[in-house]
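The values are calculated or read from the model by the stated rules, or taken from the named source; none is laboratory data. Given the structure is predicted, the values throughout are model-derived calculations rather than measurements. Because the Cβ atoms are built from the backbone with ideal geometry, glycine has one as well, and the counts that use them run over all protein chains shown. Calculation scope for accessible area: heavy atoms of the full protein, side chains included, ligands and nucleic acids excluded. Shrake-Rupley method; radii C 1.70, N 1.55, O 1.52, S 1.80 Å.
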Amino acid sequence: MINGNVAIVLNAHFPYVRRAGRWPHGEESLHEVIAESYVPLLTMLHDLRSSGRSWPLTVSISPVLLEQLADPVIAKHFIVWLGNLRERAAEDLADFEAQHNSHAAYLARFYIDWIDVIEHNFVERFGRNLTATIRSLIRESTEMLLAPATYAYLPQLSSREIRAQLEAGALVVLRQLGQRPSGLWLPSGGAPALQTYTRELGLRYAVGTHQERTGISQDAHGLPTVHPDHVLAEHVLAPGIGYPGDGLYREFYRDHPTSGLAYWRVTGADVPAENKDWYDPYLAFSRVEQHAEHFVRAIRERLHAASAHAAEPTVVIAFDAELFGHWWFEGVRWLQSVVNRLIDADDIRLATLSQVYTSLPRLDAIAHEANPLFDTPLIDPLRQRLQQASSTFAAVVRLHPTAEGLEEELLSQAARELLLGQSGDWAALIATGAAQDYAQRRFDEHLSRFDRLIYYIERDEPSPDAENYLSEIAELDNLFPFLNYRMFA
């Protein structure tokens, strides 16, 4: 007998880093997440399908990430990066053996084997194209959500820009995955009035911020918004006391000074980095099963508590995909164990959001307050610069409604640079102080390219070097090849 439903939502996003430098914030940062999160997660889904099991999951993959995962340049660079990582692990192994440190040598061998498995799956199983792999794996029971094309924070955009972000994103999902998204993922919880655009795209609901309990809200002008369960998510996300903070799991914040590999475990929340104990994968992955069992038990308890208000209660749980593997090395195994336990459960139905969202309990209208990350004076210059560029582009588009040839290509590349400048990643990195100089540089690059393209367009005839410049920039920022500037009309 089914006593309740569970909908698991995974959100995957990574900023545009193609050919944007190396470690720690450039393309190599994406390589690391591909190795630790995306390949293991797709391997999990591949194994589930091979075993004949159905996995009703709801997934948002940002269009800018989908484009990068399909890019042969990134795939080529990833293979090179894996080879370099294997060489560094082999050097660690030689050093540890010379030091007669048997446990550290065991860990280095563990990493060499892990790298080989990642490379085998990426090349042999997935044909070096993770977007094509996603397309193959989601055919049966996975439901896709739409995210804005470059993961923009929508409340700070004009209605014209919101439409362009959503339309461009929907075209990417349809072109790359062959699916029309059923709902909308709201980056950073931003929820302006969206009904006009979402109705045109066939979106039935949005996924918003966590609340104390699962439910759905709707204001007078917005889309019905699903709010995931905060209490359940905290079992994983709560700083220090969530599952990833267990002393046996791999420590994220300490790595080898030369190879960059992590050889230590959390040990304890208050233990200084230099005093961390050696990591033991066997013990860590054994602990995963205990935490998976505990989480499924917590789901049952949550459903039981909700049964007083609904005949067939539902909980929605949302996570960022990069948590699994990258931030929490053992997290993919935990998620796989949780999914397997839910599939096997007689009293719980694993479902997609479309299957359950209409039956979710109604919540009072949620006040969509500005996200503090995007409401700080630190990013005022970015916001003002984007508003200026948007106004400029709107005027230029009005003057060139039927551009053709080189002029049309210049306008479409300018639209591409404006979309990239609108990415919420640059503002978030500046606001948090995580990588201010890098984020400012990336923002400035896209807006400078936009300015120069507009300069060429506004001349009576594009100058002789316009075509050369367009060729250079179009190769650097080559995502959304279908993009047409008329989206901003």
Inset, instruction - For region 446-489, enumerate the residues that are out of contact with any Gly (no Cβ under 8 Å at 6 or more places or on another chain), in a helix (DSSP H, G or I) and under 20 Å from Glu167 (Cβ atoms). - result: Tyr485, Arg486, Met487, Phe488
Inset, instruction - Considering every residue within region 297-307, establish whether at least one is in a loop (DSSP other than H, G, I, E, B), touching a strand residue (DSSP E or B) at 6+ places or on another chain (Cβ under 8 Å) and buried (at least 21 other Cβ atoms within 10 Å of the Cβ). - result: no
Legend entry - Conditions (1) surrounded by fewer than 20 Cβ atoms within 10 Å (Cβ to Cβ); (2) within 18 Å of Ser37 (Cβ to Cβ): number failed by Gly178: (2)
Legend entry - Pairs where the first residue, in region 331-353, is over 12 Å from Val6 (Cα atoms) and of a type in the set (Val, Ile, Thr) and the second is assigned to a loop (DSSP other than H, G, I, E, B) and open to solvent by less than 20 Å² (accessible area, probe 1.4 Å), C-beta under 8 Å, 6+ apart: Val332/Gly325
Inset, instruction - Check Arg135 against each of (1) open to solvent by less than 10 Å² (accessible area, probe 1.4 Å); (2) out of contact with any Pro (no Cβ under 6 Å at 6 or more places or on another chain) and name the one condition it does not meet. - result: (1)
Inset, instruction - Filter region 42-69 down to residues that are outside any helix (DSSP H, G or I), open to solvent by 30 Å² or more (accessible area, probe 1.4 Å) and either aliphatic (A, V, I, L, M) or without any contact (Cβ under 8 Å) to a residue 12 or more places away in the chain (or both), then give me how many there are. - result: 2
Inset, instruction - Exactly one condition in (1) in contact with a Gly (Cβ under 7 Å, 6 or more places away or on another chain); (2) among the polar types (S, T, N, Q); (3) open to solvent by 30 Å² or more (accessible area, probe 1.4 Å) is not met by Thr314; state its number. - result: (3)
Inset, instruction - Count, please, the residues in region 154-170 that happen to be in contact (Cβ under 8 Å) with a residue 40 or more places away in the chain and either over 18 Å from the mean Cα position of the chain (by Cα) or over 13 Å from Ser62 (Cα atoms) (or both). - result: 10
Legend entry - helices (runs of 4 or more DSSP H) within region 95-210 that include 1 or more residues at pLDDT below 95: 130-137, 159-177, 195-201
Inset, instruction - Test Gly222 against the criterion of being under 21 Å from the mean Cα position of the chain (by Cα) and either on the phi < 0 side of the Ramachandran plot or at pLDDT 90 or above (or both), and give yes or no. - result: no
Legend entry - Of residues in region 181-210 being in contact (Cβ under 8 Å) with a residue 40 or more places away in the chain and at positive phi, the one least open to solvent (accessible area, probe 1.4 Å): Gly189
Inset, instruction - Give the number of residues within region 169-184 that are of a type in the set (Gly, Ala, Ser) and touching a Pro at 6+ places or on another chain (Cβ under 7 Å). - result: 2
Inset, instruction - Within region 14-23, identify whether any single residue is open to solvent by less than 20 Å² (accessible area, probe 1.4 Å), out of contact with any Phe, Trp or Tyr (no Cβ under 7 Å at 6 or more places or on another chain) and modelled with pLDDT under 95, and answer yes or no. - result: yes
Legend entry - Residue among Tyr253, Tyr263, Tyr249, Tyr243 that alone is free of Cβ contacts under 8 Å to residues at least 60 places away in the same chain and among the hydroxyl-bearing types (Ser, Thr, Tyr): Tyr253
Inset, instruction - Collect the residues in region 238-260 that are open to solvent by 50 Å² or more (accessible area, probe 1.4 Å) and among the basic types (Lys, Arg), keeping them in residue-number order. - result: Arg254
Legend entry - Candidate set from region 211-237 (those that are open to solvent by 10 Å² or more (accessible area, probe 1.4 Å), in contact with a helix residue (DSSP H, G or I) (Cβ under 8 Å, 6 or more places away or on another chain) and not in a helix (DSSP H, G or I)); member that is nearest to Tyr197 (Cα to Cα): Leu223
Legend entry - Within region 326-417, helices (runs of 4 or more DSSP H) holding 3 or more residues that are loosely packed, with under 14 Cβ neighbours inside 10 Å: 380-399
Inset, instruction - Taking Glu32 as meeting all but one of (1) in contact (Cβ under 8 Å) with a residue 60 or more places away in the chain; (2) assigned to a helix (DSSP H, G or I); (3) out of contact with any Ser or Thr (no Cβ under 9 Å at 6 or more places or on another chain); (4) buried (at least 20 other Cβ atoms within 10 Å of the Cβ), write down the number of the exception. - result: (4)
Legend entry - When residues of region 94-124 are limited to those that are open to solvent by 30 Å² or more (accessible area, probe 1.4 Å) and of a type in the set (A, V, I, L, M), the one farthest from Ser29 (Cα to Cα): Ala98
Legend entry - Subset of region 429-445 that is of a type in the set (Gly, Ala, Ser) and part of a helix (DSSP H, G or I) - its residue that is least open to solvent (accessible area, probe 1.4 Å): Ala439
